[in-house]
Amino acid sequence: MLYVDDDAGLRRLIQRALGKRGFVVDTAESADQGLELIEAKRYDLIAIDNHMPGKSGRQMLDDIVAQEGHPAVVFVTGDSDTAVAVDAIHAGASDFVVKTVGDSFFDLLDSRFRQAFLRDRLEREKREAEANLREANERLEMLVREVHHRVSNSLQMVQSFVAMQAHQTEEAAAKDALAATQNRIKAIGKVHQNLYTRGDLTTIDLDEYLETLVDEFRANMSEGDTTVDLVFTSQHVEVSPDDAVNVGVVVNELVSNAAKYAFTHSKEGTVSVDLSKLEEGYCITVSDDGAGITEGQSPEGTGLGMRIVAAITKSLGTQLERMESNRGTTHRFVVSPK
């Protein structure tokens, strides 16, 4: 430790008394000399007297605290300097000791110095542990982002293979099935793409994610022979990545079915997707103003899409409802917190 005091006799007494108690004590007679020793040597603890010629102990404290990774500092003051000592605590000192006469003073210094050193060591270990944890979390986050990036790229590659297969297939039913598979892959891939580009890896902004899906549908519809208008309205909802994948696939199936089967006669109409935030959870509604579904009517197509919807909504802890409507078809499902 380093003890800084302009009283030569007290410096010798403290060096001898604390030496007997297991301390290795260097001394300095002024703040400037003390600062020079601090630059030349690593100390575990520094004790400073306030009243010294030239720079005061309080000024020296500011110089020490300004150094990164500085050791613990204990202020040693007279009876009349307690206000300065309290100010020093606020400025970064670990503790202060009031000067007294007798061996009890050295015992007090011994106790306070050890406590200050122990607190400082624990604080350093805590900061080091927190820094190591942050570094480990950053490495883990980087690895997770890389995984999502690679999964997204792999899904894009699979999607391309499916598109190539669809291009080489002449049968209309097979083309439709492969196109539906592409859309399902795309819905899942966009979640992984969202995750590796956003700051938080634990949640997905469901409204932004669904908007990108709707934009993809809108672009695909513009290439077909229908003039279906796709409308999206939403409130802000955050969900887990798993829930986002599930919701995305369900919305994909419902919108695809509406676009393919609701407007077979008119070739034009509107499909609406709405995301509403509830007090507990959220609600997804997909509706169209097409021909509607006749009670008891067999589903068009293979029915695979609705079987997928039933399975996924069940995994979300809910089920798809068909709502009464004056025109067309309206489906909704409500997801509550698990």
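The values are calculated or read from the model by the stated rules, or taken from the named source; none is laboratory data. The model shown is predicted, which means the values in this text are computed figures rather than measured ones. Backbone-built Cβ (ideal geometry, glycine too); neighbour counts: all protein chains shown. Ligands, DNA and RNA are stripped out before the accessible areas are found, and what is left, the full protein with its side chains, is counted by its heavy atoms. Shrake-Rupley method; radii C 1.70, N 1.55, O 1.52, S 1.80 Å.
A few remarks follow.
- The Kirkwood hydrodynamic radius of the stretch 227-338, based on inverse pair distances between different Cα atoms, is 14.5 Å.
- Expressed in units of 2.2 N^0.38 Å, where N is the residue count, the Cα radius of gyration of the chain is 1.80.
- In this structure the amide hydrogen of Asp229, modeled in the peptide plane, comes within under 5 Å of the amide hydrogens of Gly269, Thr270, Val271, none closer than 5 places in sequence on its chain.
- Cross-linked pairs Lys277/Lys338; Lys314/Lys338; Lys186/Lys314: Cα-Cα separations exceed 20 Å for Lys186/Lys314.
- Largest GNM mean-square fluctuation among Leu230, Leu278, Leu13, using the chain with Cα springs under 10 Å: Leu13.
- Under the span-like rule (Cα at least 27 Å along the axis, Kyte-Doolittle mean at least -0.5), DSSP H helices of the chain: 172-197, 241-261
- A 1.4 Å probe run over the protein chains yields, for the chain, 56 Å² of accessible area per residue, whole-number rounding.
- The residue among Ile284, Leu18, Pro241 whose Cα reaches farthest toward the positive pole of the charge dipole of the chain, with charges on the beta-carbon of Lys, Arg, Asp and Glu, is Leu18.
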